[in-house]
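Let me begin by presenting the structure, written as structure tokens, before commenting on it.
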């Protein structure tokens, strides 16, 4: 893990971005950590956006809460229901 100050980030932005391909870079301001530069690929971008979307997180939490309140169904029951609807078996 590498550390870089704000001044270094301003002066060596491309070098720091290239370094982030190998390891995370912690950006500091006045000696205190303020940000992390973490390399991300185009393939990872969609996952990152979904994982960090507050609305998505809220829907997941609401769904889990409803599941906890009402209970769920076992996989066998779900498969039978899907087969009744004409779904193909996996």
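Quick rundown of the values:
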{"read-out": "The chain: angle of helix 54-70 to the longest principal axis, Cα-based, in degrees nearest 10", "value": "30 degrees"}
{"read-out": "Over the chain, relative contact order from alpha-carbon pairs under 8 Å, at least 6 apart, %", "value": "18 percent"}
{"read-out": "Percent antiparallel among DSSP beta bridges (both partners in the chain, rounded to 5)", "value": "55 percent"}
{"read-out": "Extent along principal axes [Cα atoms of the chain; Å; largest to smallest]", "value": "64, 29, 20"}
{"read-out": "Ellipticity estimate at 222 nm from DSSP helix runs (n ≥ 4, -39,500 (n - 2.57)) divided over the chain, nearest 500", "value": "-16500 deg cm²/dmol"}
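Quick note: the coordinates plus some simple rules give every number you see, no bench work behind them. Keep in mind it's a predicted model, so treat the numbers as computed, not measured.
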